[in-house]
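A.B. asks: Have a look at this one.
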Amino acid sequence: MIYRLSLSGLFLLVGIFSLSAQVTFSLDGTVKDLYTGRPMPSVNVYVQEIQKGTLTDTAGYFAIKDLKKGYYTLVLTRVGYKRVTRKVQLFKDINFPIKMEEQAIVFEAQEITPGVTEMSIDEGASSTVTTQEIMNSVQVFSKDVYRTLQTVPGISNSEWSSKPHVKGGNPDETAVIIDNLEIREPFHLEEIDGPYSVISSDLVKSMKVLTGGFAPKYSDRMSGVLFINTVDQIQDDSIKATIDFSNASAAIHQRINDRTNVFISGRRSYLFLLENAIDNNFPAIVWDFWSKVDYKADSKNKLSLNYMVLSDKISYKKDSKIIRNEFFKSNKTNYYTWLNWYHYTNDDRFFSTTVGYQHLDKAASFSFDGSFTDDNRDTRSTHLITAKQDHFWKLNKKNIVEFGGEFNQFWSDYYYREFRLDPTETTPIVVSTDIIFVDSKFSGYTGAGYLQNTHKFTDRTSFLIGVRGSTQSYSTGFQISPRAALSHDITEAMTLRFAYGWYYQPDNFQKLRTYDNQHLPNKKPEKSIHYIASLLYQYDDNTSMTLDGYYKDYPVLFDDFTFDFSNRIEGVGVVDKPYQTRTGFATGIDLLIKHKYKTQNLVSIAYSLGTSHIRDENDFETYRDLDRTHMLTVNNIIDLGKMVNFSGMFRVRSGDPYTPSNVKIIGDGTVENSKVYYQTQTKNSGRLPTFYTVDLRIDKKWVTGQMNFVAYGSIINITDHKNVRQRAWKRHVKSDGTLAPFTVEDQEYFPRFFSLGISMEFSLPRTK
């Protein structure tokens, strides 16, 4: 009896061990060079989820055993080759034949200037703004990488607009460079302050944000640069689709062969839903399309062809029997196409050549309160051809030289016609009118060249010095911009950086201020001088801090007056008056603290203390638009497990400056025999109430085979705080057709707003 029980127990133990052996599996395979087909030894093979890895042997073979059933991410890396990532659903032993492509791209010289923020949606990329923040942070308009900039200190925008104000500067002082081409007008619906950018997260691989003191190779803009690299690698063919309350998007990534990849992305936005939420009536149709063909000719040459379209259509109309009918119809379509050729001479030298074409086109007709006719026009068309080349040359271990040049040829055609009341100049004694008529066709060129050297004095100290020269056919003289930066590692964890530079920004040839009767670009470029210091501290792998201090002097400045069509909708007067700005300055400190805890949880704290001022021709000083003394953003992303993420964002800032005013009615009170004028006070002498908001988001991901499915929900302004974006005068007309006294009304940002969305991604793996 005892023998039988022992035998039964033995069989039971054997069965248990057998079952145990059956629930673990192995991953193995052979790694070869994509072009030569030769086996690759010493490749690092790593499984992210279990932090387990190995190296390939001399035959390129690897094996990772004792893996349980589930989903894994296999990562292969080797110096000189592109990183390879494979997503695996493991339910049996799997053999991988993997090919790795030589990475001939020489890494750029280390950015030793302050104020540089790296952003990336590429898994595993080293960045200060991570994949988590881009994909999981709360956003009013999803799929827009620009919106992630709200977590970066020193960058402010209105909660409606996606246009960044970098360290006190205006949006047109920031260059947007996508795959080596500076994109003109990268925003949708600029008439209502650009709520969408053209930069969808579906097309961005990485983005570098430079907020001051940047090197000579980065443009002539005065405030900042957004340098964007689009996706260029495909491991598996994929189809993505997303829809929510603000937009729908789709993207296709197709690998034609080992040398050719194709990318397609498109968005259609539902702006009217948000307009209804804030009780506005400004119907708009917004969409954009982007495609790219990436061709690897050989290990030394790569070509990429980009094509992008931005389209806006606005059709606003309000009928009335007692006042002039209001309407605004606008069609805007911008086309962009450019070709990049990257040539890698050796591990120490490469150059890129870019040839591009941009066509910016807009046609609008309108009539508003204050217009004397219904036949008003605002049309413009600009054609721009760009040719540029950039060189990188590593002379030795201590010196990296970079040089290049750019030439732009443009043709612009402007037409603006309106006869209207001037409410800021009209008085009880005289009624002032504006006759705005611009009919201008002109052409010209801009050119620039740069030379810079990054010298490594010691293992801890590096110095950059360089110069940028620029000229324009419509400007006087030739501008020379010296720039320098110093980086010193105080300890292994702490780095101190300084930068100094001059920046000459020519007037925009593609965006004249026609409302102010500007016929040609200004001959004199704007000028800014940067003084930037930065302290970077890496406490450990999970905690870091960056502290920036800056002073930006503007010896020459022409801006400060905004005139948007939305300011005139439905008889709402947003009163502003040209200030005749001549100079200005911005100064402040920015602090960013980031901490990663419990592996996947992340919290960031961004605080800015700063001020931005402008001076007029009489040297009188006032605040600049969107000057925000205090800004605090706390962003927390929590992994709740089981592929559920929760994120919360708290923001608080001082109120924006605005121009107080009073309104008077001249005449007998009837619409026909009365005129309105405003008594404006000092430019931007008032402050709106302090702003704060709490936004929440939760998303759940499911993975089934090759399908990823995400459902998410957001609550914008959960406290329903009445944040004021501007104060304006509202016209009221009585039933008898006479004007009632005007009232000041607060125009507010979003009330509490709920948004739901779903996202699907389907991958077609090429390796089994």
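A.B. asks: What residue, of ILE243, ILE234, is at pLDDT below 80, more than 22 Å from ALA485 (Cβ to Cβ) and of a type in the set (A, V, I, L, M)? Give the derivation first.
C.D. replies: Numbers: ILE243 fails: at pLDDT below 80.
So the residue among ILE243, ILE234 that is at pLDDT below 80, more than 22 Å from ALA485 (Cβ to Cβ) and of a type in the set (A, V, I, L, M) is ILE234.
A.B. asks: Next up: Using the structure shown, decide if LYS596 is under 20 Å from ASN567 (Cβ atoms) and open to solvent by 30 Å² or more (accessible area, probe 1.4 Å).
C.D. replies: No.
A.B. asks: Quickly run through the stretch 403-446 and pick out the residues that are hydrophobic (A, V, I, L, M, F, W, C) and in a loop (DSSP other than H, G, I, E, B).
C.D. replies: The initial filter retains those residues of the stretch 403-446 that are hydrophobic (A, V, I, L, M, F, W, C), namely 403, 407, 410-411, 419, 421, 429-431, 435-438, 442.
ILE429, VAL430, VAL431, listed by residue number.
A.B. asks: Please find, within the stretch 467-484, the residue that is nearest to THR373 (Cα to Cα) out of those that are touching a residue at least 40 places away in the same chain (Cβ under 8 Å) and in contact with a Leu (Cβ under 9 Å, 6 or more places away or on another chain).
C.D. replies: Among them, the one singled out is TYR474.
A.B. asks: Which residues, taken from the stretch 498-543, are in contact (Cβ under 8 Å) with a residue 60 or more places away in the chain, in contact with a Leu (Cβ under 7 Å, 6 or more places away or on another chain) and open to solvent by 30 Å² or more (accessible area, probe 1.4 Å)?
C.D. replies: PHE498
A.B. asks: Got a number for residues in the stretch 160-191 being farther than 23 Å from THR382 by Cα, open to solvent by less than 20 Å² (accessible area, probe 1.4 Å) and not polar (S, T, N, Q)? If you could, list the steps in order and put the result at the bottom.
C.D. replies: So the first thing to find is which residues in the stretch 160-191 are farther than 23 Å from THR382 by Cα, and the list is 160-162, 164-169.
Cutting the leftovers down to open to solvent by less than 20 Å² (accessible area, probe 1.4 Å) gives us 161-162, 164, 166-167, 169.
Still in the running and not polar (S, T, N, Q): 164, 166-167, 169.
Result for the stretch 160-191: 4.
A.B. asks: Also: Residues in the stretch 347-358 that are closer than 27 Å to GLN510 by Cα and open to solvent by less than 40 Å² (accessible area, probe 1.4 Å): how many?
C.D. replies: Of the residues in that region, 5 qualify.
A.B. asks: While we're looking at this one, here's another question. If you check TYR450, TYR415, TYR445, which single one turns out to be touching a residue at least 24 places away in the same chain (Cβ under 8 Å) and in contact with a Pro (Cβ under 7 Å, 6 or more places away or on another chain)?
C.D. replies: Testing whether each residue is touching a residue at least 24 places away in the same chain (Cβ under 8 Å) and in contact with a Pro (Cβ under 7 Å, 6 or more places away or on another chain) leaves just TYR450.
A.B. asks: While we're here: Please go through the stretch 474-497 and pick out each residue that is buried (at least 16 other Cβ atoms within 10 Å of the Cβ) and touching a Gly at 6+ places or on another chain (Cβ under 8 Å).
C.D. replies: Listed by number, the residues that qualify are TYR474, GLN479, SER481, ARG483, ALA484, ALA485.
A.B. asks: Can you name the condition, by its number, that ILE637 falls short on among (1) buried (at least 16 other Cβ atoms within 10 Å of the Cβ); (2) at pLDDT below 90; (3) outside any strand (DSSP E or B)?
C.D. replies: All conditions pass for ILE637, except number (3).
A.B. asks: Look through the stretch 617-634, keep the residues that are in contact (Cβ under 8 Å) with a residue 60 or more places away in the chain and not polar (S, T, N, Q), and return whichever of them is most open to solvent (accessible area, probe 1.4 Å).
C.D. replies: TYR623
A.B. asks: Then there's this: Can you name the number of the only condition in (1) within 17 Å of the chain's Cα centre (by Cα); (2) modelled with pLDDT under 85; (3) open to solvent by less than 10 Å² (accessible area, probe 1.4 Å) that VAL140 fails?
C.D. replies: Against the list (1) within 17 Å of the chain's Cα centre (by Cα); (2) modelled with pLDDT under 85; (3) open to solvent by less than 10 Å² (accessible area, probe 1.4 Å), VAL140 comes up short only on (3).
A.B. asks: Just wondering, is there one or more residues in the stretch 386-393 that are more than 27 Å from the chain's Cα centre (by Cα), part of a strand (DSSP E or B) and surrounded by fewer than 20 Cβ atoms within 10 Å (Cβ to Cβ)?
C.D. replies: Yes: the stretch 386-393 contains one or more residues that are more than 27 Å from the chain's Cα centre (by Cα), part of a strand (DSSP E or B) and surrounded by fewer than 20 Cβ atoms within 10 Å (Cβ to Cβ).
A.B. asks: Check ARG259 against each of (1) over 19 Å from the mean Cα position of the chain (by Cα); (2) surrounded by 19 or more Cβ atoms within 10 Å (Cβ to Cβ) and name the one condition it does not meet.
C.D. replies: The number of the failed condition is (2).
A.B. asks: Take LEU464 and tell me if it is surrounded by 14 or more Cβ atoms within 10 Å (Cβ to Cβ), touching a Phe, Trp or Tyr at 6+ places or on another chain (Cβ under 8 Å) and either among the acidic types (Asp, Glu) or in contact (Cβ under 8 Å) with a residue 24 or more places away in the chain (or both).
C.D. replies: On the way: surrounded by 14 or more Cβ atoms within 10 Å (Cβ to Cβ): yes; touching a Phe, Trp or Tyr at 6+ places or on another chain (Cβ under 8 Å): no; either among the acidic types (Asp, Glu) or in contact (Cβ under 8 Å) with a residue 24 or more places away in the chain (or both): yes.
So LEU464 does not fit the description; no.
The values are calculated or read from the model by the stated rules, or taken from the named source; none is laboratory data. A quick note: this is a predicted structure, and the numbers were derived from the prediction, not measured. Cβ coordinates were reconstructed from backbone atoms using ideal geometry, including for glycine residues, and neighbour counts include every protein chain displayed. Only protein heavy atoms, including side chains, enter the accessible area calculation; ligands, DNA and RNA are left aside. Shrake-Rupley method; radii C 1.70, N 1.55, O 1.52, S 1.80 Å.
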